[in-house]
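Let me begin by presenting the structure, written as C-alpha cells, before commenting on it.
The values are calculated or read from the model by the stated rules, or taken from the named source; none is laboratory data. Keep in mind it's a predicted model, so treat the numbers as computed, not measured. Counting neighbours? That spans all protein chains shown, and the Cβs are built from the backbone with ideal geometry, glycine included. Just the protein is used for accessible areas: all its heavy atoms, side chains included, with ligands, DNA and RNA removed. Shrake-Rupley method; radii C 1.70, N 1.55, O 1.52, S 1.80 Å.
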Amino acid sequence: MAFHVPPVANETDAICAFLGQSQDAFRVLLHGLTPRQAALAPSASALSIGGLVKHVTDVQRSWLAGAVAATGLPPAPDEEADYRDGFAFRETDSLDDLLADYDEVCTAVLDAVRRLDLDTPVPVPDAPWFPQDVEAWSVRWVWWHLVEELTRHAGHGDIVRETLDGATMYPLVAAHDGLPDLPFLEVWKPGEPPFSSGVSTVRLHAEDLPAARAWYADLLAADPYLTRQEYVEWRVGPHDQALGILDRRFTPDHADGGPVAYWQVDDAAVALAGLLARGATVREDLRDLGGGYRGAVVADPFGNALGIMQHPVVPTTETQKTEEAA
C-alpha cells in the first residue's frame, strides 16, 4: 500500500486507485495482530478490527452482486441476527480465512470496475434507510459508495488499532510493506503488551447500599444499569468504565473497606502471576464473575488494593453483562 495513489488518466482509473487504496488499509490494520487482538474492542466503539474487516467484506460482496446483476437488487441479510453477525469476529476465528475471503472479494470488485459500464442503472433496494424517491442509481454510484464506505470504516479502524496497541497508520503501512526506518518515520514493530489498557471498574463499599445507590444515582443523573441485592453498577463516560458499590456485608473479611480499582488486563491469570512474582499478595483470588469476566484483587508491597479484570472478547449487551466486581 503506497502512501498515495498513483496518477490517474480517467474515471475508471480513479475508482480503481482510490478503492484499491481503501481496500489495502484493512490489510494494514490487521498487520501484526493475533486472532485475539483482532477480536478485541478496546475503544468506545463496540467493533473490533476483525469485525470491521468482516463487515467491509460483506458490504463489498453485496454491492458487487447488485452491480453485476444490474437488473436485480443487492442481497440483504434475511434476519437482523445475520446482519449483526457480519460485524462479529471471535478469537477462535481464523485470520487467514478472514483475509482470504476479503482478498477474494476485493479482487472481484476491482475486476468489475474495469469491465462494467459506469452508466448502467442499479435499482435502489427497498429498505427504509435508502431513498424512497429514487428508482435507480448507477454502477458509478455503487463504486463511489464503496469508496465512501471503506474509507469511513478505515478511519474507524485507525482509532480502534491505536487504542489497541498504539500503532498508527504510517508506521503500520511501512511495516506491512517492508520499508526501512526513515529519518522522519520509525517503522512499527511488535512489542511486549502493556500490563493494562486502563481502569475498568472502581468498586466502592457501603453500609447502607440503598442509600448509597440513591446518592450516586442523583450524582450521576442515571440509575445503575445493573442492580443486585448486594451490588449495583453504573457505566460512566465514553469508554463505559464501571463504577460499582458493594454492600459492606459482602466485603471479604480481610478487606480494609477502601475502594478497589480494577485494571483491565488481557489475561487475568497471567497478570495475577506477574503481580505475585513482584511481591504482591492475594486478597481475593482469581474467580469467574459471570458474563465472561474474570477478576482478582491483590495487595501491592505497600498495602494498597489492586484489582485486575479480564473482559470477554466479544462485546455483550447491557442485559447480558453481569456483576463485574462484587
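What is the percent carbon and sulfur in the accessible area of the stretch 107-233, measuring with a 1.4 Å probe over the protein chains and ignoring ligands?
Values: 4230 of 7470 Å².
Carbon plus sulfur share of accessible area: 57 percent.
For the stretch 127-167, the C-alpha radius of gyration sits at 1.70 times the compact-globule guess of 2.2 N^0.38 Å, with N the residue count. Here the simple spin-label model places points 7 Å from the Cα toward Cβ, and for Glu149 and Arg114 these points are separated by 2.2 nm. Note on the chain: with a GNM built from Cα contacts shorter than 10 Å, the maximum mean-square fluctuation among Glu162, Glu284, Glu11 falls on Glu11.
Summarising the overall dimensions of the chain from its C-alpha atoms, the Rg and Dmax are 24.4, 75 angstrom.
Between Phe130 and Asp85, how high is the FRET efficiency from 1/(1 + (r/R0)^6) when r is the Cβ-Cβ distance and R₀ = 25 Å? Nearest 0.05. Kindly include the intermediate steps, with their values, before the conclusion.
Details: r = 22 Å, r/R0 = 0.87.
About 0.70, to the nearest 0.05.
Taking the chain as a Gaussian network of alpha-carbon nodes connected by springs under 10 Å, the highest mean-square fluctuation of the residues Trp143, Trp215, Trp263 belongs to Trp215.
Farthest toward the positive end of the dipole of the chain, out of Thr151, Ala271, Val236, is the Cα of Ala271, where the dipole comes from beta carbon charges about the Cα centre. Taking Cα atoms only, the orientation of helix 49-69 departs from the longest principal axis of the chain by about 30 degrees. Normalise the Debye intensity by I(0) for the stretch 90-169, one equal point scatterer per Cα, no solvent, then take log10 at q = 0.14, 0.20 Å⁻¹ and round to two decimals. Taking Cα atoms of the stretch 90-169 as identical point scatterers yields -0.72, -1.07.
Sorted on the mean count of surrounding Cβ atoms within 10 Å across their residues, most packed first, peptides 226-233, 273-280 read 226-233, 273-280.
Rounded to whole Å, the principal axis extents of the Cα atoms in the stretch 119-216 read 70, 51, 18, largest first.
In this rough spin-label picture, where each label sits 7 Å from Cα along the Cβ direction, the Asp101-Asp218 distance is 5.2 nm. For the chain, the solvent-accessible area of protein heavy atoms averages 52 Å² per residue (probe radius 1.4 Å; ligands and nucleic acids excluded).
Taken over the stretch 161-288, the ratio of Cα radius of gyration to 2.2 N^0.38 Å equals 1.47.
Determine, for each peptide in 101-111, 129-139, the mean count of other beta carbons within 10 angstrom over its residues, then list the peptides with the highest first.
101-111, 129-139
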